[in-house]
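Below you'll find the structure, written out as structure tokens, and then a few comments.
The values are calculated or read from the model by the stated rules, or taken from the named source; none is laboratory data. Fair warning: this is a prediction, and the values are worked out from it, not measured in the lab. Methodologically, a virtual Cβ is constructed for each residue, glycine included, from the backbone with ideal geometry; neighbour enumeration extends over all protein chains shown.
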Amino acid sequence: MKRKMKAVAALSLAAVMLLAGCGSSKGTQDGGSAAAADTAADTAADTAEQQAGTDTAASDSGEKIVIRVVGPMENENDTTNPVTKQTVRGYYVIKELYEAEHPNVELQLTGIPWDSWQAKLTTVAAANQVDVVVHGASIVDIVEDLTPYAEKDGEFLDGLLLKYSYRRADKSNYTKLVPTGIPITAAATSIMYDKKIFDDYGLDYPDETWTWEDVLDAAKKMTGTDPVTGEQTYGYYIDGASSDWIGRSLIGYYFSKDTKVIEYADKQMDTKVNYTSPEALKGFEFVNELAKTCPKGFLEGRGAENFGTENNNIAMWYSQNLVSNYQKTESLGLTDRYGYAYSPVLENGREGWANFTGDWNMAIAKNAQNKEACWEFIKWMATNQDIADWCWESGKIPNNKEAIERLSAENIPFADVFFNTLAATPDNFTIFASDYDDAFLGSSNSFKANGLSAMFAGDLTPEQAAENIQAAYEEQAASYQ
């Protein structure tokens, strides 16, 4: 049975700033780079027009247009949420709905697991076996710059919360960000917290003014024996099993403090990092203290199994799992127990919070067979309300205003945090390719994960962890020469 989306708290859409995506470029182009970019855009536009003619001819001939959609798409068949006991429809829904509305199109959907998904998508693209790359906006070598498509047919973008997924243009023009994907869903980071644990310790709940120091202070106070229940509690949780999330608190700290560790150059191989400066080292020292408030087993991804339940013993979790956690607490009748606070505030006179704006996006493969048909499909995915329902059902927030507008008023607790956070996110900004982190510098995530996990385990000091990460980056850069 189809499950309609639950409501979010009523919020004036006028207050929701339209975001151009998730990328930030601090560098500027010289005349030559700008001219090269213009030439590339013109070429892409010409290619799009030529492709449109080819697609029209195929349609007129009566042949079905085949669109091969490949990427991380969770489950193909229906599953049952083990906590909520509700049915979550598989991604076959996409094919059923689209082909019913577009009888001249055959969708071929191939889901792949998240493990090594980027390498797998790159391999599929090299073999000319994909047209629409799911969640592939970050793999700039295999996807199109969407600028010419949007210029020709981009009115629908005004109805999206995030217009684009932005990434660094290419390895030889690395200071420039280009739109490479359209977000189908959007995500924002929040401090999810257990009100009962805060109440037991007599502490105020986190709010929009909290700094990272406020988080650490509260986490330390709530790590110990709960004065009401007598049970062991922990102040904070880091998902140490994730090479991505183990470093999020460190990157968030840098973002809040405006500690720049990435120095971009025109060429990716010339981009430098600096994790050993006194300012950067403060981040390592800080998160090392924060890790001491986490439960045992957090480095293996254990310890948070009861978060969102009655038996939870973790006070705070810096996470994007807003919908799934809400659905869990809703099914257990515990929505009033859990709160959703803003990420730590940006300091030094900047507005906003240390947010990781995420998405589940779709991009057009550079060697796609029918690029205009791909654009039409992506446009439909971003705006179709049945797909929006399915996204919510699957634990994701749909990235379109119409879906938000029609949600019934059930006062979902993270609504204000989610929308205000996105509204405060700078236009054309992505934390993943910013002055504070670049997840696309080779093995960036694994470098940080290796150093931080060793530090959290007590095998390295903060200074040694920073030096190891710095050395790994420098060794990688040397291999590019």
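What residue, among those in region 421-436 that are touching a Gly at 6+ places or on another chain (Cβ under 7 Å) and of a type outside the set (A, V, I, L, M, F, W, C), is surrounded by the most Cβ atoms within 10 Å (Cβ to Cβ)?
Thr430
List pairs: first in region 469-481 and in contact (Cβ under 8 Å) with a residue 24 or more places away in the chain, second of a type in the set (S, T, N, Q) and part of a helix (DSSP H, G or I), Cβ under 9 Å, 6+ apart or cross-chain?
Taking only residues 6 or more apart or on different chains, the pairs are Ile469/Asn450; Ala472/Ser446; Ala472/Asn450; Tyr473/Ser444; Gln476/Ser444; Tyr480/Gln268.
Sort out which residues of region 214-227 are among the β-branched types (Val, Ile, Thr) and surrounded by 12 or more Cβ atoms within 10 Å (Cβ to Cβ), and write them in order of number.
Of everything in region 214-227, those that are among the β-branched types (Val, Ile, Thr) and surrounded by 12 or more Cβ atoms within 10 Å (Cβ to Cβ) turn out to be Val215, Thr223.
Return the residues of region 269-319 that are in contact with a Gly (Cβ under 6 Å, 6 or more places away or on another chain) and either surrounded by fewer than 15 Cβ atoms within 10 Å (Cβ to Cβ) or farther than 30 Å from Asp199 by Cβ (or both); say none if nothing qualifies.
The one that is in contact with a Gly (Cβ under 6 Å, 6 or more places away or on another chain) and either surrounded by fewer than 15 Cβ atoms within 10 Å (Cβ to Cβ) or farther than 30 Å from Asp199 by Cβ (or both): Gly297.
Tell me which residues, restricted to region 74-128, are assigned to a loop (DSSP other than H, G, I, E, B), of a type in the set (D, E, K, R), touching a residue at least 40 places away in the same chain (Cβ under 8 Å) and out of contact with any Asp or Glu (no Cβ under 8 Å at 6 or more places or on another chain).
Within region 74-128, Glu74, Lys85 qualify.
Out of (1) within 20 Å of Asn355 (Cα to Cα); (2) hydroxyl-bearing (Ser, Thr, Tyr); (3) outside the structural domain of Gly283 (by TED's automatic domain parsing), what's the single condition that is false for Thr180?
Exception for Thr180: condition (1).
Among the numbered criteria (1) closer than 30 Å to Trp390 by Cα; (2) modelled with pLDDT under 95; (3) hydrophobic (A, V, I, L, M, F, W, C), which single criterion is violated by Ala265?
(1)
Take residues that are hydroxyl-bearing (Ser, Thr, Tyr) and over 19 Å from the mean Cα position of the chain (by Cα) and tell me which of the helices (runs of 4 or more DSSP H) falling wholly in region 394-464 contain 1 or more.
Where helices (runs of 4 or more DSSP H) fall fully within region 394-464 and carry at least 1 residues being hydroxyl-bearing (Ser, Thr, Tyr) and over 19 Å from the mean Cα position of the chain (by Cα), they are 444-456.
Scan region 322-378 residue by residue and report those that are part of a helix (DSSP H, G or I) and assigned by TED's automatic domain parsing to the domain that holds Ala125.
Answer for region 322-378, where residues must be part of a helix (DSSP H, G or I) and assigned by TED's automatic domain parsing to the domain that holds Ala125: Lys371, Glu372, Ala373, Cys374, Trp375, Glu376, Phe377, Ile378.
Taking region 168-183 on its own, how many of its residues are at pLDDT below 80 and touching a strand residue (DSSP E or B) at 6+ places or on another chain (Cβ under 9 Å)?
3
Go through the residues of region 332-352 one by one and say whether even a single one is among the aromatic types (Phe, Trp, Tyr), modelled with pLDDT under 95 and under 26 Å from Pro426 (Cβ atoms).
no
Taking the options Thr229, Thr233, Thr189, Thr225, name whichever one is under 26 Å from Gly297 (Cα atoms), free of Cβ contacts under 8 Å to residues at least 12 places away in the same chain and hydroxyl-bearing (Ser, Thr, Tyr).
Sole residue among the options that is under 26 Å from Gly297 (Cα atoms), free of Cβ contacts under 8 Å to residues at least 12 places away in the same chain and hydroxyl-bearing (Ser, Thr, Tyr): Thr225.
Kindly establish whether Asp131 is surrounded by fewer than 18 Cβ atoms within 10 Å (Cβ to Cβ) and either touching a Gly at 6+ places or on another chain (Cβ under 6 Å) or assigned by TED's automatic domain parsing to the domain that holds Ala373 (or both).
In short, no.
Out of Asp266, Asp200, which single residue is assigned to a loop (DSSP other than H, G, I, E, B), surrounded by fewer than 19 Cβ atoms within 10 Å (Cβ to Cβ) and in the same structural domain as Ser343 (by TED's automatic domain parsing)?
The match here is Asp266.
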